Amino acid sequence: MNAREQASVPHALQAVRAQFPILAQTVRGKPLVYLDSAASAQKPLAVLDAMRAFELHDYANVHRGVHVLAQRATDAFEAARARVAAFLHAHSPKEIVFVRGATEAVNLVAQSFLRPRLRAGDEVLVTAMEHHANIVPWQLVCEPVGATLRVLPMSDTGALDLDALPGMLGPRTRLLAVAHASNVLGTVNDVARITRLAHAHGVPVLVDGAQAVAHLPVDVQLLGCDFYAFSGHKLYGPTGIGALWGRAELLDAMPPYQGGGDMIRSVSFERSTYADAPARFEAGTPNITGAVGLAAAIDFVQGVGWDAIAAHEQALLELAQGELEAIAGLRIYGTTPGKIGVIAFNVEGMHAHDLGTIVDALGVAIRAGHHCAMPLMQRYGVAAMARASLGVYNTADEVHALARAVRKAQAMFAG
């Protein structure tokens, strides 16, 4: 950043980039510009150090040992659960189930909560902008019993048609599933309003928060939803760890999702009984180190501060959209105000994969493809989109580098 740009960045963020050593490298002879945080955000030293320290000094299996390391590991694991509970404003850590990520969380709710309640003719309502992970699990439980998946439409700008929502909620609607923020369009949905409308018809709501948790504070009490899922690797944490928040009374009434160690109360060849939630949903040895890393990631984000993150990312988003919109033949998808730092676009005459490959040669990492949202691609009549996604570590210089790389790619095809 030049002096003027640096001065415009909140003070708390000026040293943030230095905490991500992976970003200091060169790629293909160019300084790395990492604009793929919506797929996986990079991890700061605080997360890496916490995981390493745990592995070096405290690692053991949890809940099963009386020796010192087992006690330390259990304490660290349960402290991480408490950190997640506080992060989401849950009533209790008992409402937090550790999972591999948002995908497993949605599948857990589909199989354990929804499947026993579904009958032929029932309906599950999703939206036109959902990730495959918030579509396919519902199809898996609907198809065997003859239930139907219905889709709430959206506008060309990427806003859900909430005026149509009440008319789509009926006595056979068993659940509504919605993304808090779209991984393609960046749209931040009005989950509180959606939940109020759904609850007025007695319909429970699951929120896929994978794309929201790194960009804005989440309070499940204010949102009013019944389940909230997110992944650690979108939140500057490790892969293979995430969390499902569920209302205690719902979790307590749900049968186990998987069987195995640590989810039981007693086992015999004749009959087994199961532990209370959340343990009944955590069969087998969990990702203990991942949970420690997730807790460190939460501490990192909250240490930077939501106001500072929002101000920085929104300034970069406005800069990026302005520079990209100035490129002839470039179309941005998703222009609803208040979006997070995700920009999906195409350049006329170029496939998104070609564009992604060329800008990669210039050191700029973006994503290209259907982004696990094939129905959304069909909604816009395209096979794929390019996507640049911003994180707390990105800079104005990197936005300029993106625009220059897109222009060079366009010139190469035109030539």
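The values are calculated or read from the model by the stated rules, or taken from the named source; none is laboratory data. In this text the structure is predicted, and so the values were computed from the model without any measurement. Please note: Cβ atoms are built from the backbone with ideal geometry, for glycine as well, and neighbour counts cover all protein chains shown.
Computed quantities for the displayed model
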quantity	calculated
Test: residue in region 310-321 that is in contact with a strand residue (DSSP E or B) (Cβ under 7 Å, 6 or more places away or on another chain), part of a loop (DSSP other than H, G, I, E, B) and crowded, with 17+ Cβ neighbours inside 10 Å	no
Cβ-Cβ under 9 Å pairs, at least 6 apart or on other chains, region 114-134 side closer than 30 Å to Val342 by Cβ, far side among the acidic types (Asp, Glu) and assigned to a loop (DSSP other than H, G, I, E, B)	Ala128/Asp161
Some residue of region 401-412 being over 28 Å from Leu160 (Cβ atoms), among the polar types (S, T, N, Q) and not in a loop (DSSP other than H, G, I, E, B)	yes
Given (1) touching a residue at least 60 places away in the same chain (Cβ under 8 Å); (2) assigned to a loop (DSSP other than H, G, I, E, B), index of the condition Ala50 fails	(2)
Tally, over region 335-374, of residues that are under 20 Å from Met412 (Cα atoms), touching a residue at least 12 places away in the same chain (Cβ under 8 Å) and not in a loop (DSSP other than H, G, I, E, B)	16
Odd one out for Ile332 among (1) within 30 Å of Ala18 (Cβ to Cβ); (2) free of Cβ contacts under 8 Å to residues at least 24 places away in the same chain	(1)
Test: Phe98 is touching an Asp or Glu at 6+ places or on another chain (Cβ under 7 Å), at pLDDT 95 or above and under 25 Å from Ala133 (Cβ atoms)	yes
Search result, residues across region 119-143 that are out of contact with any Asp or Glu (no Cβ under 8 Å at 6 or more places or on another chain) and charged (D, E, K, R)	Arg119, Asp122, Glu123, Glu143
In region 241-256, residue farthest from the chain's Cα centre (by Cα) [restricted to those that are charged (D, E, K, R) and under 22 Å from Asp208 (Cβ atoms)]	Glu249
Unmet requirement for Val84, which otherwise passes all of (1) of a type in the set (Val, Ile, Thr); (2) within 20 Å of Pro256 (Cβ to Cβ); (3) in contact with a strand residue (DSSP E or B) (Cβ under 9 Å, 6 or more places away or on another chain)	(2)
Residues of region 199-228 that turn out to be over 18 Å from Ala90 (Cα atoms) and either buried (at least 24 other Cβ atoms within 10 Å of the Cβ) or in contact with a His (Cβ under 7 Å, 6 or more places away or on another chain) (or both), as a count	2
Residue within region 339-352 that is over 24 Å from Asp208 (Cβ atoms) and either in the same structural domain as Asp190 (by TED's automatic domain parsing) or among the polar types (S, T, N, Q) (or both) present	yes
Candidate set: region 60-78, residues that are within 14 Å of Pro278 (Cα to Cα) and touching a residue at least 60 places away in the same chain (Cβ under 8 Å); chosen: the one surrounded by the most Cβ atoms within 10 Å (Cβ to Cβ)	Phe77
Residue count, region 29-47 (criterion: of a type outside the set (Gly, Ala, Ser) and not in a loop (DSSP other than H, G, I, E, B))	7
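For every residue, the table says whether it meets (1) without any contact (Cβ under 8 Å) to a residue 40 or more places away in the chain; (2) surrounded by 19 or more Cβ atoms within 10 Å (Cβ to Cβ).
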position	(1), (2)
Leu376	no, yes
Gly381	yes, no
Ala384	yes, yes
Arg387	no, yes
Val392	no, yes
Ala405	no, yes
Ala409	no, yes
Phe413	no, no
